[in-house]
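Heads up: the structure comes next, in structure tokens.
The values are calculated or read from the model by the stated rules, or taken from the named source; none is laboratory data. Please read all numbers here as calculations on a predicted model, not as lab measurements. Cβ atoms come from the backbone with ideal geometry, glycine included; neighbour counts cover every protein chain shown. Ligands, DNA and RNA are stripped out before the accessible areas are found, and what is left, the full protein with its side chains, is counted by its heavy atoms. Shrake-Rupley method; radii C 1.70, N 1.55, O 1.52, S 1.80 Å.
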Amino acid sequence: MKKTLIVLALLVFVLPLSACGVNSGSSSNQHQASKTKPKVKRDEALIKKNQATWAKLTKDAEVVKTDAYSGDSIVPTKLSDLKKAGDIVKGTVYNLEQMDAPKNMAFTKAKIRVDQVLSGDKSLVGKDYYVVLRGGLTTTDSYYADMNRTKEVDHDILVENPEAPLPKIGTQFITVLDKNNLDSGSEYSQILMKSGFTKKNSRPIFDEQFSFWVKDKSGKYILNNPKASTDLEDLTWSINHEFK
């Protein structure tokens, strides 16, 4: 009888400790998961406000189609190569703004928020950055400067590039952020700094033309370039398969 009581007493002490150990391990795993994949809450009210502002600015602007890309570039076609190009992030477009650009060009200042780091520097999660996108609002005087064409009354135009269409405010995307090499030596850097870009608040997109995916209505990410070759289909599949 005493032996039975002793065994029962030991079980009373051992079982709670075992349960505690399991809960502790589970809690530790959950904490680790939250560190690797923290969730960033979307500010829907701010997104709607910025959408309304941009819609008002572009409502009456004449749309001009252009292909501003030229030359060859080395495009990663494998996920392993894409990871070497920079920090792969999942984010949200929070705002689009008109900004300065060289003559005969149009840029857009986009504010993005990093919702999740898929590969690279985890400290970027939750941070806002400015990125430069091709195309956007400008004026005829600036866009057609020094061109041999009939002079027309200066007015706003919205330049659109079919190989890199501007994503809508609120769009969720996956892209690669490159290291910031902003300096005051080049004309391009001076234009960016004049528009409020700094080394701390901005990051360049590695390749807007071939390394920028947007989330469609089905929940999948598609390349934001309708004219891209089929060579990137496998990479797009990998993006959706690995980064669900």
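Restricting to region 103-144, and then to whatever is in a loop (DSSP other than H, G, I, E, B) and touching a Ser or Thr at 6+ places or on another chain (Cβ under 9 Å), can you tell me which residue is most open to solvent (accessible area, probe 1.4 Å)?
Lys103
Which condition number in (1) modelled with pLDDT of 65 or more; (2) within 22 Å of Val117 (Cβ to Cβ) is the one that Thr53 fails?
That leaves (2) as the condition not met.
Which pairs do you get when a residue that is within 19 Å of Asp216 (Cα to Cα), found in region 82-106, comes within reach of a residue that is surrounded by fewer than 22 Cβ atoms within 10 Å (Cβ to Cβ) and modelled with pLDDT under 95, reach meaning Cβ atoms under 8 angstrom, with the pair 6+ apart or on two chains?
Ile88/Phe243; Lys90/Phe243; Thr92/Arg42; Tyr94/Asp43
Out of all the residues in region 180-217, which are of a type outside the set (Asp, Glu) and touching a strand residue (DSSP E or B) at 6+ places or on another chain (Cβ under 6 Å)? Write out each step before concluding.
Taking region 180-217 and keeping what is of a type outside the set (Asp, Glu), we get 180-182, 184-186, 188-206, 209-215, 217.
The answer is Ser195, Phe197, Asn201, Ser202, Arg203, Ile205, Phe206, Ser211, Phe212, Trp213, Val214, Lys215.
Checking Gly185 against (1) touching a helix residue (DSSP H, G or I) at 6+ places or on another chain (Cβ under 7 Å); (2) without any contact (Cβ under 8 Å) to a residue 12 or more places away in the chain: exactly one of these is not met. Which one?
For Gly185, the exception is condition (1).
So which residues in region 102-120 are closer than 16 Å to Phe197 by Cβ and among the hydroxyl-bearing types (Ser, Thr, Tyr), if there are any at all?
Matches in region 102-120: Thr108 only.
Might you check whether a residue that is within 16 Å of the chain's Cα centre (by Cα) and modelled with pLDDT under 95 occurs anywhere in region 92-105?
no
Cβ-Cβ distance below 6 Å, separation of 6 or more or different chains: which pairs start in region 46-67 with a residue that is under 12 Å from Leu96 (Cα atoms) and open to solvent by less than 70 Å² (accessible area, probe 1.4 Å) and end on one that is outside any loop (DSSP other than H, G, I, E, B) and not acidic (Asp, Glu)?
What qualifies is Asn50/Asn95; Trp54/Leu96; Thr58/Leu158.
Exactly one of (1) within 19 Å of the chain's Cα centre (by Cα); (2) more than 26 Å from Asn50 (Cβ to Cβ); (3) polar (S, T, N, Q) is unmet by Asn148. Its number?
Tallying (1) within 19 Å of the chain's Cα centre (by Cα); (2) more than 26 Å from Asn50 (Cβ to Cβ); (3) polar (S, T, N, Q), Asn148 fails exactly one: (1).
What single numbered condition from (1) touching a residue at least 12 places away in the same chain (Cβ under 8 Å); (2) over 14 Å from Val64 (Cβ atoms); (3) not in a strand (DSSP E or B) fails to hold for Met147?
Looking at each condition in turn, Met147 falls short on (2).
Does Val75 fit the bill of being in contact with a Phe, Trp or Tyr (Cβ under 7 Å, 6 or more places away or on another chain), modelled with pLDDT under 95 and of a type in the set (Val, Ile, Thr)?
Judged against the criteria, Val75 is a match.
Quick one: which residue in Val93, Val63 is within 13 Å of Thr175 (Cα to Cα) and part of a strand (DSSP E or B)?
Values: Val63 fails: within 13 Å of Thr175 (Cα to Cα).
Criteria check complete, one pass: Val93.
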